[in-house]
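Okay, so here's the structure we're looking at.
Values in this text are rule-based calculations from the coordinates and carry no lab data. Treat the numbers as computed from the prediction; the structure is a model and nothing was measured. Because the Cβ atoms are built from the backbone with ideal geometry, glycine has one as well, and the counts that use them run over all protein chains shown.
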Amino acid sequence: MAYIYLKDIHNLVRWLVLLTCIWALFRVWAGLLKRTEWTKKDRIAGLVFSSVLNVQFLLGLIVLFAGPVHTYYSNMAATMKDPVARFFAVEHPFMMLLAVIAAQAGFSMSKRAGTDRAKFLKAAICYTISTVLILAAIPWPWMKAGRPLFPGFLG
């Protein structure tokens, strides 16, 4: 029962990740294209995005190992032949780990960059890569491994 609630919370937090992602992307791409100064708001947008994504990843690991998905690892040959099992056991966690790394790298590199332009450029590239990975790894309802857009307790 706890697994279902954790999975639903993980599903719901997806929207918070996407909202903070859009906010961070908007800030860094607007700053890059308009050649503005890097501000505290730009840094905070990246911090919030990478932090929410880190929390979501930790929630995902708990869901992965607290629920039935971890049983896929006992027979990887069968898991790799089943597209749904492969998605949840391998593709989804791996792409999300790469997304977390990209977002965190963008935040860290932007803090250390010497110029405002370099800060925006590094953050824009890394946040965009992270976004593409996130969008590719979400189990959208139209996918074979799809999940509902909103958790079961909402509808």
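Quick rundown of the values:
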| item | result |
| --- | --- |
| Residue match in region 110-120 (condition: of a type in the set (A, V, I, L, M), in contact (Cβ under 8 Å) with a residue 12 or more places away in the chain and out of contact with any Cys (no Cβ under 7 Å at 6 or more places or on another chain)) | no |
| Residue that is surrounded by the fewest Cβ atoms within 10 Å (Cβ to Cβ), among those in region 97-111 that are over 10 Å from the mean Cα position of the chain (by Cα) and not small (Gly, Ala, Ser) | 111 |
| Some residue of region 21-40 being acidic (Asp, Glu) and not in a helix (DSSP H, G or I) | yes |
| Contacts under 6 angstrom Cβ, first residue in region 33-53 being under 14 Å from residue 113 (Cα atoms) and touching a residue at least 60 places away in the same chain (Cβ under 8 Å), partner of a type in the set (Asp, Glu) and buried (at least 16 other Cβ atoms within 10 Å of the Cβ), 6 or more apart | 37/116; 38/116 |
| Residues satisfying the stated conditions in region 1-22, i.e. crowded, with 16+ Cβ neighbours inside 10 Å and free of Cβ contacts under 8 Å to residues at least 40 places away in the same chain | 20 |
| Residue that is surrounded by the fewest Cβ atoms within 10 Å (Cβ to Cβ) [pool: residues in region 29-84 that are within 24 Å of residue 105 (Cβ to Cβ) and among the aromatic types (Phe, Trp, Tyr)] | 29 |
| All positions within region 130-147 that are touching a Gly at 6+ places or on another chain (Cβ under 8 Å) and touching a residue at least 24 places away in the same chain (Cβ under 8 Å) | 130, 139 |
| Which listed residue is surrounded by fewer than 15 Cβ atoms within 10 Å (Cβ to Cβ) and of a type in the set (Phe, Trp, Tyr), from 94, 87 | 94 |
| Residues being surrounded by fewer than 13 Cβ atoms within 10 Å (Cβ to Cβ) and small (Gly, Ala, Ser) - total across region 119-155 | 2 |
| Unique residue being touching a Pro at 6+ places or on another chain (Cβ under 6 Å) and either among the aliphatic types (A, V, I, L, M) or under 25 Å from residue 120 (Cα atoms) (or both) when the list is 12, 47 | 12 |
